[in-house]
Amino acid sequence: MERRYRAENAEFRVSLAPEGGGHLVEVNGRPHAVRVMRFENGVLDLLVGDRRRRFHVASDAKRLFVFSEGRCYRLERADPIRRAAGARGADKPLEAQMPALVRSVVVQEGDRVERGATLVVLEAMKMEIRVTAPQASVVARVRCREGEQVERGQVLVEIHPAEDSR
Amino acid sequence: MRPLPFTRLLIANRGEIAVRIIRACRELGIRTVAIHSEADAGAMHAREADEAVAVDGSSPVESYLNIPRIVGAAIGSGCQAVHPGYGFLSENPRFAKAVEEAGLAFIGPSAETMRRLSDKTQARALARANEVPVVPGFDGSLKKKDFAREAGRLGYPVLIKAAAGGGGRGMRLITSPAELEPALESARREAEGAFSDDRVFLEKYLESARHVEFQILGDGRGRALHLFERDCSLQRRHQKLVEESPSPALSAAQRERMGEAAVRLAEAAAYRNAGTVEFLLDTGTGEFHFLEVNARLQVEHPVTELLTGVDLVAAQIRIAAGDSIPFETADLRPRGHVLECRVYAEDPAAGFVPSAGPILRLVHPEGPGVRVDAGYAAGDEVSGHFDAMLAKVIVWAGDREAALRRMDRALAEMVVLGVTTNLDFLRALLAEPDFREGRAGTDFIARRMGGWAGSGAEVPDEVLVAAALAEVCSSSSPSAASGNAGNPGDLHDPWEHSDGFRMGT
């Protein structure tokens, strides 16, 4: 069984196979012998090698959250089949993270933008929030307008990652 | 204790401060009525109160500013008193007056005192008249050339501030004469829009300053006392992030002088109920300067509560009931060291952009000397309509070093899943040597932590192991995955029923 995740700009391939009373788990090829000691109410107690570790886990439709040793990690599920179909040339929607007012739309369809370029400026909670390009792209569609009140999850701009971008 | 004349109290606020007031009322045997906007119908404060009343507003925030509806709700639900919390209407003299005119007790100062002190130029004048040194400044005229001359006399950099302002709004920092005119116009416009009052004044900008404030209580009959200080020097964009007491920068003599000045000012204003006198301490010269009075309870009040053992909200309610204050400053025994950190739903590594969404898991730190004041519980939604503060973590320990260690433990033990928080950022901040040695001033975060990109980019293998195993285990046992957000089987396997991906291969 295999799972793929993305976190902190890195990709992870995790494969699991039953072994002995537990699992052999490989993370990008690195093997770990693991046993699930307890999993209740989102608290996962594992025996990793010979050390007991506790994790808090939770998820929503798109992401998995794991708390371990004083730090919280956010993982995105990377669906291998969807990725294969859309890896090159797919339009990427950029969404509003919270209800906000669109203060200004800085780009128009067809604009080439660099990584970090501001595309839309939002205002929420008395703060200015800039929606920026995650990588060098071309603006495929602008889906919002100045003065519009947007909801969380609403698509603001669709960008088309540039061919040779990383 | 004398029985109170209040049996029901309405809280004109939300979030953690509303919950705080509810707790104080429970201990005093007072029933509580919460107000909420439609968006907040399921919020923690609405659930915790004995009753909850929906208040209309053109937006979720507007509901908490709707004076006629809120006063109506208090009367309609049989309340004898109203507590305004902090923010929202807590320093709005029209609200205090409306509450008083409705025959209800307002848990705070009188409308008149509020009006006088919220006008910064009047407050400064009152300070000067009572031998309380003020930040060097100019508030004498509206003419641009007078401002230009005075700014030159004070010496750049200079701050333009709104006379009717607060919360850092209507402020502009100017570093040269060329910036003065456009900054004046811009500040005036913002002040007019935010406070319907475009009056501005100048203050010298003190570069190496610490923000030190004194908690005061006044009986409204000319007597006031202080409950020592809080050092709130760690700020980002004029918003406090970490507060502590005692201030590492104050000598006993300075503390006494500043405390006396705060009391002098409060008594000159015949201040009633709780308030805070804010000063800037110039670490270069050791001089202190009056900044402003906050005529309400502050966010960071727990710092004083843990230091002195005084329940400030209970004290507020008793003073509003007409009780005299049963102690003097000399009766208080401040002990040890207290630190408070504000936990926000934001991403410091991405320019502090706010993070919204459902809180899927929330575990508070516990143990000796740890207090958490939270306004959200697991399963609640951080909507983005309101301030993004999730909780305050306050620790007490025997001395400052122990308090720093305890705060690091508490922050490391706190689990928040579902939204991004500033927990890592707070721990990194507290680890900075300048802060640990008590040297951080109000510009520390801007100068030192500006480009903070997170505490380490690599995800350890065991986190991936845990993620994968959790998904595998929960698809066969949904109850295992349901955390305290109460969604059984929320860890679902998205591939089990789609795309022809076969299980067990």
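The values are calculated or read from the model by the stated rules, or taken from the named source; none is laboratory data. Since this is a predicted model, take the numbers as computed values, not measurements. All Cβ positions, glycine included, derive from the backbone under ideal geometry; neighbour counts span all protein chains shown.
Sub-8 Å Cβ pairs linking a first residue in segment A:49-63 that is acidic (Asp, Glu) to a second residue that is surrounded by 16 or more Cβ atoms within 10 Å (Cβ to Cβ) and in a strand (DSSP E or B), at least 6 apart or interchain, are A:60/B:357; A:60/B:358, ordered by first then second residue.
May I ask you to list the residues in segment B:344-401 that are part of a helix (DSSP H, G or I) and within 11 Å of chain A (Cβ to nearest Cβ)? Spell out the reasoning first.
We begin by selecting, within segment B:344-401, every residue part of a helix (DSSP H, G or I); these are B:348-350, B:400-401.
Within segment B:344-401, B:349, B:350 meet the criteria.
Within segment A:142-166, the set of residues being within 13 Å of residue A:96 (Cβ to Cβ), under 17 Å from the mean Cα position of the chain (by Cα) and modelled with pLDDT under 85 comprises A:152, A:153, A:154. Looking only at segment B:449-464, residues that are of a type in the set (A, V, I, L, M, F, W, C) and over 27 Å from residue A:26 (Cβ atoms) come to 3 in all. Do you know which of the residues in segment B:315-335 that are small (Gly, Ala, Ser) and under 15 Å from residue B:219 (Cβ atoms) is surrounded by the most Cβ atoms within 10 Å (Cβ to Cβ)? By that ranking, first place goes to B:320.
So, in segment A:7-16, of the ones that are assigned to a strand (DSSP E or B) and within 10 Å of chain B (Cβ to nearest Cβ), which residue ends up surrounded by the fewest Cβ atoms within 10 Å (Cβ to Cβ)? So, considering only residues that are assigned to a strand (DSSP E or B) and within 10 Å of chain B (Cβ to nearest Cβ), the one surrounded by the fewest Cβ atoms within 10 Å (Cβ to Cβ) is A:10.
Can you spot a residue in segment B:424-436 that is in contact with a Gly (Cβ under 9 Å, 6 or more places away or on another chain) and touching a residue at least 40 places away in the same chain (Cβ under 8 Å)? Within segment B:424-436, one or more residues are in contact with a Gly (Cβ under 9 Å, 6 or more places away or on another chain) and touching a residue at least 40 places away in the same chain (Cβ under 8 Å).
Restricting to segment B:24-45, what's the tally of residues that are touching a residue at least 12 places away in the same chain (Cβ under 8 Å), within 25 Å of residue B:321 (Cα to Cα) and not in a loop (DSSP other than H, G, I, E, B)? Break it down into steps so the answer makes sense when it comes.
Going residue by residue through segment B:24-45, those that are touching a residue at least 12 places away in the same chain (Cβ under 8 Å) are B:24-25, B:27-45.
Within this subset, residues satisfying the condition of being within 25 Å of residue B:321 (Cα to Cα) are B:24-25, B:27-35, B:45.
Checking which are not in a loop (DSSP other than H, G, I, E, B) leaves us with B:24-25, B:27-28, B:31-35, B:45.
Qualifying residue count, segment B:24-45: 10.
Among all residues of segment A:47-61, there is at least one that is in a strand (DSSP E or B), among the polar types (S, T, N, Q) and at the interface with chain B (Cβ under 9 Å from one of its Cβ atoms). Each residue in segment B:215-253 was checked for being under 17 Å from residue B:395 (Cβ atoms) and outside any loop (DSSP other than H, G, I, E, B), and 10 of them qualify.
Does segment B:216-224 include one or more residues that are β-branched (Val, Ile, Thr), surrounded by fewer than 18 Cβ atoms within 10 Å (Cβ to Cβ) and within 28 Å of residue B:283 (Cβ to Cβ)? Don't jump to the end; show me each part of the working.
Just the residues of segment B:216-224 that are β-branched (Val, Ile, Thr), to begin with: B:216.
From what's left, surrounded by fewer than 18 Cβ atoms within 10 Å (Cβ to Cβ): none.
The answer is no, given that none of the residues of segment B:216-224 is β-branched (Val, Ile, Thr), surrounded by fewer than 18 Cβ atoms within 10 Å (Cβ to Cβ) and within 28 Å of residue B:283 (Cβ to Cβ).
What's the total number of residues in segment B:416-446 that are among the aliphatic types (A, V, I, L, M) and within 11 Å of another protein chain (Cβ to nearest Cβ)? Outline the logic, then answer.
Restricting attention to segment B:416-446, the residues satisfying the condition of being among the aliphatic types (A, V, I, L, M) are B:416-417, B:419, B:423, B:426, B:428-431, B:440, B:445-446.
Adding the requirement that they be within 11 Å of another protein chain (Cβ to nearest Cβ) leaves B:416-417, B:419, B:423.
Of the residues in segment B:416-446, 4 are among the aliphatic types (A, V, I, L, M) and within 11 Å of another protein chain (Cβ to nearest Cβ).
Here is a list: B:227, B:202, B:180, B:234. Which entry is more than 23 Å from residue B:276 (Cβ to Cβ) and surrounded by 24 or more Cβ atoms within 10 Å (Cβ to Cβ)? When all the criteria are applied, what remains is B:202. For segment A:91-117, which residues satisfy the criterion of being away from chain B (no Cβ under 14 Å) and at positive phi? Within segment A:91-117, A:110 is the sole residue that qualifies. Of all residues in segment A:23-59, those satisfying the criterion of being among the small types (Gly, Ala, Ser) and either closer than 22 Å to residue A:70 by Cβ or in contact with a Ser or Thr (Cβ under 6 Å, 6 or more places away or on another chain) (or both) are A:42, A:49, A:58, A:59. For segment B:450-458, the count of residues that are polar (S, T, N, Q) and more than 21 Å from residue B:239 (Cβ to Cβ) is nonzero.
Does residue B:454 fit the bill of being in contact (Cβ under 8 Å) with a residue 12 or more places away in the chain, over 25 Å from residue A:41 (Cβ atoms), out of contact with any strand residue (DSSP E or B) (no Cβ under 8 Å at 6 or more places or on another chain) and not basic (Lys, Arg)?
yes
Residue by residue, here is whether (1) part of a strand (DSSP E or B); (2) closer than 28 Å to residue B:170 by Cβ; (3) among the basic types (Lys, Arg) holds:
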{"residue": "A:116", "(1), (2), (3)": "no, no, no"}
{"residue": "A:120", "(1), (2), (3)": "yes, yes, no"}
{"residue": "A:129", "(1), (2), (3)": "yes, yes, no"}
{"residue": "A:135", "(1), (2), (3)": "no, no, no"}
{"residue": "A:140", "(1), (2), (3)": "yes, no, no"}
{"residue": "A:145", "(1), (2), (3)": "no, no, yes"}
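Of the set (1) at pLDDT 95 or above; (2) under 21 Å from residue B:417 (Cβ atoms); (3) more than 7 Å from chain B (Cβ to nearest Cβ), all apply to residue A:26 but (2).
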